[in-house]
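A short write-up of the structure that comes next.
The values are calculated or read from the model by the stated rules, or taken from the named source; none is laboratory data. The structure presented is a predicted model; accordingly, all values stated were derived computationally and were not measured. Positions of Cβ are generated from backbone atoms using ideal geometry, with glycine treated the same way; all protein chains shown enter the neighbour counts.
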Amino acid sequence: MSEIDFKPKLKQKTKVQRPKLYKVMLLNDDYTPREFVVLILKAEFRLDESQAEVVMMTAHQKGICVVSVYPRDVAETKATRAIDAAVQLGYPLQFTVEPE
């Protein structure tokens, strides 16, 4: 008689980890008009008028404010596009990207 292996074969499952998230931070400056900051927050980060106002005022009062949280590549792209739009108009608006 041949020897038969009755032990169940275990399948290896690959675990897919969620990508790490990064915060896009708005830095306060005293030169960029508030209306432009709100416009950028609405256009690039899809905030509504009231959310954009709150983020802008928080950054103005505290010096920095979290705009939103995204995977790294999305966060960096949005921050870069927002900065580039400001630079085109000569504003020193700055965003940073930090791990959550």
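Looking at this structure, is residue 39 surrounded by 11 or more Cβ atoms within 10 Å (Cβ to Cβ), touching a strand residue (DSSP E or B) at 6+ places or on another chain (Cβ under 8 Å), at pLDDT 85 or above and at negative phi? Reasoning before the result, please.
Details: surrounded by 11 or more Cβ atoms within 10 Å (Cβ to Cβ): yes; touching a strand residue (DSSP E or B) at 6+ places or on another chain (Cβ under 8 Å): no; at pLDDT 85 or above: yes; at negative phi: yes.
It is false that residue 39 is surrounded by 11 or more Cβ atoms within 10 Å (Cβ to Cβ), touching a strand residue (DSSP E or B) at 6+ places or on another chain (Cβ under 8 Å), at pLDDT 85 or above and at negative phi.
Can you tell me which residues in the stretch 20-49 are of a type in the set (D, E, K, R) and under 12 Å from the mean Cα position of the chain (by Cα)?
20, 23, 44, 46
Which residues, taken from the stretch 59-85, are more than 15 Å from residue 19 (Cβ to Cβ) and out of contact with any Phe, Trp or Tyr (no Cβ under 7 Å at 6 or more places or on another chain)?
Within the stretch 59-85, 59, 60, 61, 62, 63, 64, 65, 66, 80, 81, 84, 85 qualify.
I'm trying to understand the selection: among the residues of the stretch 62-100, which are of a type in the set (A, V, I, L, M, F, W, C) and part of a helix (DSSP H, G or I)? Before you say what the answer is, go through the steps one by one.
First, the residues of the stretch 62-100 that are of a type in the set (A, V, I, L, M, F, W, C): 64-67, 69, 74-75, 79, 82-83, 85-87, 89, 93, 95, 97.
Scanning the stretch 62-100 gives 74, 75, 79, 82, 83, 85, 86, 87.
Could you tell me which residue of the stretch 50-76 is farthest from the chain's Cα centre (by Cα), considering only residues that are farther than 17 Å from residue 32 by Cα and either surrounded by 15 or more Cβ atoms within 10 Å (Cβ to Cβ) or among the small types (Gly, Ala, Ser) (or both)? Talk me through it step by step, then tell me what you get.
At the first step, the residues of the stretch 50-76 found to be farther than 17 Å from residue 32 by Cα are 50-51, 66, 68-76.
Next, only the ones that are either surrounded by 15 or more Cβ atoms within 10 Å (Cβ to Cβ) or among the small types (Gly, Ala, Ser) (or both) stay: 50-51, 68, 70, 74-76.
Numbers: 50: 19, 51: 15, 68: 5, 70: 4, 74: 6, 75: 4, 76: 7 Å.
Looking at the filtered set, the residue picked out is 50.
For the stretch 8-31, give me each residue that is of a type outside the set (Lys, Arg), over 15 Å from residue 96 (Cβ atoms) and touching a residue at least 40 places away in the same chain (Cβ under 8 Å). Walk me through it before giving the result.
The first filter runs over the stretch 8-31 and keeps only residues of a type outside the set (Lys, Arg), leaving 8, 10, 12, 14, 16-17, 19, 21-22, 24-31.
Checking which are over 15 Å from residue 96 (Cβ atoms) leaves us with 8, 10, 12, 14, 16-17, 19, 30-31.
Scanning the stretch 8-31 gives 19, 31.
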